[in-house]
Every structure is written in C-alpha cells, then in structure tokens.
Amino acid sequence: MDIFLSLFFFFLHPAAIQVQITPAQGEISVGESKFFLCEVTGEVKDIDWYTPSGEKILHSMQDLSVSRSDEVTSTLTIYHANVDSAGIYKCVARDGEKEAQATVQVKIFQKITFQSAPSPQEFTEGDTADIVCNVVSSPPPTIIWKHKGSKIQASKDVRYKIMANGHLQIRGIKKTDEGMYTCEARVMARGEIDFKTMKVVVNVLPTIRARQFEVNATADIGSSALLACDADGFPDPIVTWTHNNVVLEEGDKYSLNEDGSELVIKDVMKVDEGDYTCIAKNKAGEKSQEVSLNVFVQPKITYLNNKTAIEFDEEVILTCEASGDPTPTISWSSESKIFTEGEQASWTRPDKYESLDRNIVVYSHARVSSLTLKNVQFTYAGQYLCIASNSIGQDSQSVYLEVRYSPKIQGVVASYTWEKNPANLSCEVDAHPEASVVWFKDGSHLPSANTTNVKIYNMPTVSYLEITPESQIDFGNYNCTATNDLGSESKEFILIQADVPSAPEIQQVEPFSSTAMVEFKEPDSTGGVPVLKYKVEWRFPGEEWARKEYSKEDGKTKILVTGLKPETTYEVKMSAINGKGEGESSAASFFKTKPVQYSFTISSETLPSIAATILPLREPSAPKLEANVADEGNSLRVTWIKQDDGGLPIIHYLVKYKAKHVPEWKPEIRVPSLSEHTTLNGLAWNTEYEVHVVAENQQGRSEPGIVSIKTAAQPTAIPGSAHGGSGLGTGAIVGILIVVFFLLLVGVDVTCYFLNKCGLLMCIAVNVCGKAGPGAKSKDIEEGKAAFTKDESKEPIVEVRTEEEHSPNQEVKTPSSEPNETTPLTEAEPSVTETTPLVVKILPSTAANSISESFSTAQSSPASESTTLTISTSSPTKAAPSTTSPNSSSAALPGSGKTDPQPNVGPLVDLSDSPKADPPSNQTPPVLESVSPPSDGCDSVKGRDTAQIKDSRGPTKDAPKAPCTDSPAPVQNDGKIVKDDNAKSETEVKKDTTEVKTVPNEAPQANGNESRA
C-alpha cells in the first residue's frame, strides 16, 4: 500500500522526496543487536526515527541509537533487543513542507537458551531421580533426552518420563543408570537445535558387615584385640568406631588402619569389655554394626596357706581361693591322687566330693575350694597342689601340710650272709620330727666294747647296721629302736646264716650236631642269697669233665653248650653258684649229638635206605652279639659267637645297623662265615645304634642277634683350629714328611760317599766321572793301615798277571763231581807243598773287617783277563749254594738255594813289610776268586764282571748283568772254579801261571774299579 502511495505522489509531484529502509523487515533474537538504514532520495532537511509507540527517537535513548552519516542517510540501531523492542519503526524525511516516510517491522524472537542444566547431578540409588534441564525459546522448543548416545524412549521403559518442563524423571534409579545424559532442544520453525550434556551420579548407601560379631580376648597379659568391619558403598564410606557413644580416636590405647575398618585395642583390660559400634557414612547415608568384645581373665590363685597337724587329729582343712573369668574350676592333687569330682561349682549349686573312706572331702563354692582331711594320718604329710583352671588357662600353687608323728620303722626283716662276709641290716625310720636310732643285741647296746665286727651308719631316714659274722654267735636277732618327741618304736631284725643253693634240675636236653640246648629248672632254694652263676659240666662217659660257667639272667632257663662232636654221646650236669659258693650238682643227663646234616636232592635213583636217613634241616640259631666302642670313638666293633648252625655250615653273616632315632637301615654288610667280628666306621658321634647280625646257611637265615650301643661323645676341637687357624691338612703333613725323609736320605748318601766310598753318589762318580770319590785313595790306605807301618815307602802294590787265558764259557775239567745240595761249593784248600800261601798280618783292631781289593790288568794288555785278588780277614760266613749247573745260562734267584753249612774261607795273602819268598814258577798259585762287593760298589762290580767274560782270542757275547745284592758271594779256593751267585751265568777260568809281585814305593793305581767290602 505504501508503495502505491509513493508512486501516486511521485506521479503527482515528480519532485517529491522518497524514503527507503534497509532491510525492509527484521528479526532479532533476544539479546542481540541490529541496525536499520534509512535512505532518502531528494534533498531533505530533517530525517527522524519514531518508535512503535510514535515517540521520536532521540540520539541518547536507552538501547536505541539514531545517527546521521550524511545528508540523505540515517541509521537506527537497536541494542540488546528484548521482547519490548518489537514493533513498527518509522523513518520520516522533511524538507519544508515536503515530507516522506517509510516503516520497518521489527520482530523479536527467543533463541534456544538452557537456563538450568547442572552437571553433575547426584541421586541416591533407589530414589526417583529428576534430571533438570530448563530450556527457553520462542516458540517453545521440543526436548529430546539421550543416554549413552541412544534416545530415551519413555514409551518403552516405564521408569523414564519426560516432564512438561522438559525434565527427565527416572523412577528407582540404579547404579547402572549412572553416566552422561544429553538434553537436546529443537525449534522446528527456525530449524534451530542446541543441547547440553550432563553427568548423572548414583550414590549407593553404605553396607557394613562385621568380620566377627564377638571377639574374645584375654586380659592382663599385655595382649591386643582386633575388631574389624568391612563397609561398601559409593562413594567409599568413611568408617568410625564408637564405644559407649564416644568416638574412638587413634592414640596410645587404640589404633586404626588407613580406611578405619580395623580397630586394635591395645593392652586389653577387663574394663575394655563391651559393645563397639562400627559406623560407615557417605553421601548416600550411613549404616552401623555392633561388635562385642568379651574379655576373659586367666585364673589366679589369691589365697593358699600351709598348715600343720598332729597325727590322729580330728581334721585339718586346706583352703584355696582363685579369681578368673569364666569362674575357674578348683581341684586338688597330691602326688598321683586327684581330689575332684563332678561339674564346676556355681553360685547356686556347690559341688562336694568325698573319698570312699570319707576321710578326704573336697567342698567347692564359687571361687573358693577347701580340702578337708579327717582322722589325720602321718601319710597325709606332704605337698598338695591347688589347681584353678578355666577355658583361658590355669594357675597352680602348692601348699605344704606338715604332720608331726611318732617314728614308724620299716625294712627287710631277714637278711642272709655267711661268716667273714659283711651284711647290712636296714632300719628305715619315718618320723617327724627326726628320730634318734639305737641298736641292741640280746639287750646290749651296739656297738659295745666287745664287738669290733659291728658298725653303724646313720642317715636321716635310715640306719644301717653292718655286721661281719665271725662265728655262729653273730647270727640271730637285732633290735632297732627309734625315738622322737612324740614317741618311740622298736623292731626286730634277723641275721640268718646263708647256705649254698640247691641243685638245679635238668628238664630237657635238645642236641644238635655240634651244640646242645640244656633246659633246666632253677634251684628250689637259693640259700638265702641270689644265684650268681650256673656251672655246666659235660663229658664223654668215663672221661674228664669239661665245664663252663654262665652268668645268671633273669627268666632265662636255657643254656647252649657248644664245641661238641657230631654223633657222640655225652652226659651233662649242672650246679648253681651264689655268693657263699657252689651247690650240689644235678643228676647227670645223657644225650647224643646229631650227625652233620647235608642237603640232598632226592631223585628216582636215590636208594630208599639212603633217602630214609635224610633228616630235616633248619635255619641256624641267632648268633650271640657283643659290641664295643673302638678307639676312634665313632666306630663300633661288633663280635659274635656262633650258635647252632642248623646242621649245615654257615655260608656268611649279614650285618645291618642304624641309628635308633631314624627308621632307615644302612646297607647290609656281608661277612664271610669264618669271621667273628666286623667294625662299623664313620658313625655319628654320641648316637645310639642298633646292630642286627643274621647267620645264613643253605636252609635260610636265622633270627637276628641284636645289640645296642652308643658311640662316644665327639672330642673337643684342637686348640687354635677352633678359632679358624690355618692348620695344616693331611696332604701338607705327608708332603713335609716326604721332603724330610728325602733330605735325610741325601744326607746319609753324602756321608757314605765321603766316609765309606759308597752310596748313590759313589756310583755316579765312578760311572759318570770315571774316577773314585774324594778321599778314595786315602780311605783305602786308612782302612788297611793295620797291615802297614807308618813308613809310606813300604806300602805294597800287589800285581797279578795271568799268562794263560781261557774262554769265559769254557768249562774247566775237574776231578770233582758237579755240586749238588749236599756238596760244598769250595773244596779243601791246597796244602803247603802245592801252593805258597799269602799271609796277611792284621792288627787286632781290624781283625773283624773283610777287605776286597780289585786290580785290573786290562790296561797293560787288551787281550788279558782281569783277575781279582781277595783278602779276607772276617770270620767264616755262610753262602747259599748254587742250584744251577755250570752250563746253565741263567743264575738262580737270590735266596732260592739252601744255606751251605760249610763256611768258605779265602786264602791268606802276606802283605808284610818284606815278602818271605817268591812263589816258584813251576808251582800253581791259587786262583783268587772275585767276591761280590756290597751294594755301594754296584757299578764297579758290573764293569769287573764284564771284563772277566771277555776272551782275548775273539769277541764274545756280553754277559748278563748281575743284580746287586747284600749277600756275600761263595768263594772257591781250589784254583779251578770261579763262582758268583749274583751273576747271570757262571764262568770257569783256569789259571796256569800267576805272578804276584810286591812293588814298594809305588802308590796303588786307581782305575775306578776299586771297591771295599
């Protein structure tokens, strides 16, 4: 319409003013701001804006503002629009009388606004929850609720309801309903949508349960009590404890754990008893639980006193009081007697106990008990124990009842002994106070001046009268009288002369092949004193008795007789022996031992008569054992005595042992049948062992012989080693001993080398260095100084030359037969007419020495033969004869021959200052046989033997080396045979012409082959 009017005026008045508002209409959301532009066409003087109410808008109005930017434009601005800002606003332009206007309709609408949608929102489980979501808009919005991304459809779950105000109602909310909820608002006209997300928390009321509804504790022992309750809920509840409506806080008396669920009551006393409340509280509410503490008190005896009475008093009462919770039961005991009966006495029903003779009565009431002893006897004296007990524990104390009574005499009335054997009469006195004791015989006080064979020994409760009978008068009645303040008592004792025991009775003899079991009946009379031993005698009829004594063992009436012969008739008798002597022998019993039995396999070929004689065999009897501790302390030596073998020889013995406190046996040890003992080593110290020994024959095993013995206590450690000292081990000690022994041997060898020209060093010097040891020459001269004078110019040198030589293996023909076991190895010495003897003059100091000097002539003639000159000054020695023939290629073993009773005597060589005569050239000089030197000249002997068997006319085989021995070699002095028992073969050399020359003023030539016997 406005447009049409404008066009009308435009055409009527073409120069009229035109007004236009931009935008032509406007919608403003509450709270927003917006401006409108009024544009004028044509020249105008004024441009004004008017409110919907017709009021001109000034420049300074609230929430409204008008501004003119140029001549033809004006702007209206609406700030923070509200509902009152809605309406038609008018823009009027004027120029004098000319006027034009335009209007714009402003609409104000409400945008979706969440006025109240708090998060989180908390509810209690089980309540009806109203989840708040207040939304405003114009027009009013549509509200949609979502949970966990899914739209809540109230039509499908009756628990949900969307209220008119847009709230979500959940009836009986659960913990599972907890989570994030979305409140979504929609305005369909504008297509506007907005939402709010909020957290819903479901709190759970606490639940509480006590671990124990009743807790028991014991007071006055410093113990603690634990009260505990477990609480659940959301959020986690806070737990507190109260007692007698007082909240308990942590301190010296109480302690709480981190969440307060455990309450510890320290040092429990009786006053701590009662109910304790455990309270659990959270946002959802609180719950509580009662826990009862029962405090018990151990029994304690509070009153008990000793009492004194006199024998035959009417009664004496012992009283015992005790405290405790529960109320204790009080009982009485004396030694092994217990005086109580029935149930514990209560306040309403006392308990009463009476003994069968009604002399002992126990009366209990509550915490008090009395023990009444009527008709007091002296046997009532002693300690009585009061015992107070309940379910918590017990307490006991002793009370002593002193009973004063006159003496009571006890003891064995009759005693047996014999003359010269002391005996004791024992007068046992029971009295209070202590009594004095005197002895009488025939009214006379003992001991008297005339009785020297009587002694009295008084002890507090017994008096001993020692009597050594000298004649029959010392036997008879003796009186013991005891006296104290309350009276006296006397008793007669009899001393009887003992006799030897009567004869035992042999009831049965069970014979075996080599043993017999004698079963007997003990003597009817022991003579008044115990039987100590039994003597068993047995023999062949008519021969001497063999006897053996056996110690008496209680209850044993069988004795095994051993060492018998099979199939032999014996007679046996027995006698008993006590302290006085041997009694009469029993009547002899005859028996015949059984034959030695063997095990046979009966076949169809066995003769019936033989099969009929085969007796049944059996297992052997258990061996008798004896064990002793060995010197080591942790070793045992077990010895056994063979018993009946069961008719078969024992195959072996089986030994097993173990410590008594362990069940496992050590591995079984098998011992040969001839052994009678074994030693068990490496046992534990101070431990008792049980040893079983079983004998086994072909029929089986015997019952085990059993013995028990304890090893010695472990010795204390060696001082020093117990403190961790570095003691030497066994290997180190052995090594030191070996080194010391080796050094000792070296020292001895060096001494022998320098003093005696012998030993290992001597052998090395001769063979390696080719010379004698130091001082060898002077030693030889010194040893032979008895044969020479002090003038060194007169020292002789004896040279032996052999003109005729023979092959070492050539056999020399002699008129004598081949030597045998009875033939001496040496023939008779040549007479003076046949040879000229060489006599050596020896000083007495060297008469007991034997000197052997070896001289070699191999240096002067390569083909010559080495000949030995032997000088012997020793007494005749025995030599073992050779058991091999001269043609044998090997020597007999040392010591294999028999000792020749004929001594071998070497020729005497005169080495005096001047030889008496030279031997004539036509006479045959004696053949000087090589004598085997001792072991210290071992190497020189080998060299000399090798030189002797070489033939100058051609090479020969090497002779086997002779072993070194300490036995002297046999000497042949007949000029025909040279023998050496130590050589591997025998060499016979016949010497036709030998020249012996003494060369003065020359020293003996040392060629390294000298040796000294």
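The values are calculated or read from the model by the stated rules, or taken from the named source; none is laboratory data. This one's a predicted model, so the numbers in the text were calculated from it and none came from an experiment. Backbone-built Cβ (ideal geometry, glycine too); neighbour counts: all protein chains shown. With ligands, DNA and RNA removed, areas are computed over all heavy atoms of the protein, side chains included. Shrake-Rupley method; radii C 1.70, N 1.55, O 1.52, S 1.80 Å.
Suppose the filter is on the phi > 0 side of the Ramachandran plot, in the same structural domain as E584 (by the TED database) and in contact with a strand residue (DSSP E or B) (Cβ under 7 Å, 6 or more places away or on another chain); does G542 pass it? Considered against the rule, which asks whether it is on the phi > 0 side of the Ramachandran plot, in the same structural domain as E584 (by the TED database) and in contact with a strand residue (DSSP E or B) (Cβ under 7 Å, 6 or more places away or on another chain), G542 comes out as no.
Is segment 689-702 home to any residue that is in a loop (DSSP other than H, G, I, E, B) and either modelled with pLDDT of 90 or more or touching a strand residue (DSSP E or B) at 6+ places or on another chain (Cβ under 8 Å) (or both)?
Applying the first criterion (in a loop (DSSP other than H, G, I, E, B)) to segment 689-702 yields 698-699, 702.
Next, from what is left, pick out any that are either modelled with pLDDT of 90 or more or touching a strand residue (DSSP E or B) at 6+ places or on another chain (Cβ under 8 Å) (or both): 702.
So far as segment 689-702 goes, yes, one or more of its residues are in a loop (DSSP other than H, G, I, E, B) and either modelled with pLDDT of 90 or more or touching a strand residue (DSSP E or B) at 6+ places or on another chain (Cβ under 8 Å) (or both).
Figure legend. Inter-residue proximity from segment 403-428: first residues among the acidic types (D, E), second residues surrounded by fewer than 19 Cβ atoms within 10 Å (Cβ to Cβ) and not in a loop (DSSP other than H, G, I, E, B), beta-carbon distance below 7 Å, spacing 6+ or different chains. Indicated pairs: E428/Q410; E428/V462.
Do you know which residues across segment 161-207 are among the β-branched types (V, I, T) and either over 30 Å from I279 (Cα atoms) or open to solvent by less than 30 Å² (accessible area, probe 1.4 Å) (or both)? If the condition is that a residue be among the β-branched types (V, I, T) and either over 30 Å from I279 (Cα atoms) or open to solvent by less than 30 Å² (accessible area, probe 1.4 Å) (or both), then I162, I170, I173, T182, V187, I193, T197, V200, V201, V202 are the ones that fit. Scanning segment 451-496 for residues that are assigned to a loop (DSSP other than H, G, I, E, B) and without any contact (Cβ under 8 Å) to a residue 12 or more places away in the chain turns up T451, T452, M459. Examine segment 497-509 for a residue that is open to solvent by less than 40 Å² (accessible area, probe 1.4 Å), under 30 Å from K642 (Cα atoms), out of contact with any Leu (no Cβ under 8 Å at 6 or more places or on another chain) and in a loop (DSSP other than H, G, I, E, B), and state whether such a residue exists. Among the residues of segment 497-509, at least one is open to solvent by less than 40 Å² (accessible area, probe 1.4 Å), under 30 Å from K642 (Cα atoms), out of contact with any Leu (no Cβ under 8 Å at 6 or more places or on another chain) and in a loop (DSSP other than H, G, I, E, B), which makes the answer yes.
Among the residues making up segment 82-98, those that are on the phi < 0 side of the Ramachandran plot and at pLDDT 85 or above are A86, I88, Y89, K90, C91, V92, A93, R94.
Can you name every residue in segment 197-239 that is hydroxyl-bearing (S, T, Y) and either within 30 Å of A117 (Cα to Cα) or not in a strand (DSSP E or B) (or both)?
The first filter runs over segment 197-239 and keeps only residues hydroxyl-bearing (S, T, Y), leaving 197, 207, 218, 223-224.
Residues satisfying the conditions are T197, S223, S224.
So which of E43, E27 ends up being at pLDDT below 85, closer than 30 Å to K111 by Cβ and of a type in the set (D, E)?
Numbers: E43 fails: closer than 30 Å to K111 by Cβ.
Just one listed residue meets the conditions, E27.
Applying the selection to segment 520-579, what residues are open to solvent by 30 Å² or more (accessible area, probe 1.4 Å), within 51 Å of the chain's Cα centre (by Cα) and touching a residue at least 60 places away in the same chain (Cβ under 8 Å)? Hits for segment 520-579 are T562, G579.
When segment 534-572 is filtered for residues that are outside any loop (DSSP other than H, G, I, E, B) and either farther than 15 Å from T515 by Cα or among the small types (G, A, S) (or both), the ones remaining, listed by number, are Y534, K535, A546, E549, Y550, S551.
F123 satisfies every condition listed in (1) within 30 Å of S29 (Cβ to Cβ); (2) not in a loop (DSSP other than H, G, I, E, B) except (1). Where strands (runs of 3 or more DSSP E) fall wholly inside segment 240-348, the ranges with 1 or more residues that are aromatic (F, W, Y) and surrounded by 13 or more Cβ atoms within 10 Å (Cβ to Cβ) are 254-256, 274-282, 285-304, 329-334, 337-339.
Taking K300, is it under 30 Å from G222 (Cα atoms), out of contact with any helix residue (DSSP H, G or I) (no Cβ under 6 Å at 6 or more places or on another chain) and of a type outside the set (S, T, Y)?
On the way: under 30 Å from G222 (Cα atoms): yes; out of contact with any helix residue (DSSP H, G or I) (no Cβ under 6 Å at 6 or more places or on another chain): yes; of a type outside the set (S, T, Y): yes.
It is true that K300 is under 30 Å from G222 (Cα atoms), out of contact with any helix residue (DSSP H, G or I) (no Cβ under 6 Å at 6 or more places or on another chain) and of a type outside the set (S, T, Y).
Which one is farthest from the chain's Cα centre (by Cα), of the residues in segment 198-238 that are acidic (D, E) and more than 26 Å from N390 (Cβ to Cβ)?
Going through segment 198-238, the residues acidic (D, E) turn out to be 214, 220, 230, 232, 236.
Adding the requirement that they be more than 26 Å from N390 (Cβ to Cβ) leaves 230, 232, 236.
On the way: D230: 48, D232: 53, D236: 55 Å.
Applying the filter and picking the extreme gives D236.
Considering (1) within 19 Å of S488 (Cβ to Cβ); (2) part of a loop (DSSP other than H, G, I, E, B); (3) open to solvent by less than 60 Å² (accessible area, probe 1.4 Å), the lone condition that S448 does not fulfil carries the number (1).
Can you report the number of residues in segment 208-225 which are open to solvent by 80 Å² or more (accessible area, probe 1.4 Å) and either under 12 Å from I265 (Cβ atoms) or β-branched (V, I, T) (or both)? Walk me through how you get there before you give the answer.
Filtering segment 208-225 down to residues open to solvent by 80 Å² or more (accessible area, probe 1.4 Å) leaves 209, 211-214, 216, 220-221.
Still in the list and also either under 12 Å from I265 (Cβ atoms) or β-branched (V, I, T) (or both): 221.
Here the count works out to 1.
Scan segment 134-158 for residues that are under 16 Å from T176 (Cβ atoms) and surrounded by 15 or more Cβ atoms within 10 Å (Cβ to Cβ) and the total you get is 2.
The numbered conditions (1) touching a residue at least 24 places away in the same chain (Cβ under 8 Å); (2) surrounded by fewer than 16 Cβ atoms within 10 Å (Cβ to Cβ) are all true for I131 except (2). Pairs linking a residue in segment 82-111 that is over 11 Å from G31 (Cα atoms) to a residue that is of a type in the set (K, R) and surrounded by 16 or more Cβ atoms within 10 Å (Cβ to Cβ), with Cβ atoms under 6 Å and 6 or more positions apart or on different chains, are Q101/K90; T103/K90. Return the residues of segment 580-609 that are at pLDDT below 75, within 60 Å of the chain's Cα centre (by Cα) and small (G, A, S); say none if nothing qualifies. The answer is S599, S603.
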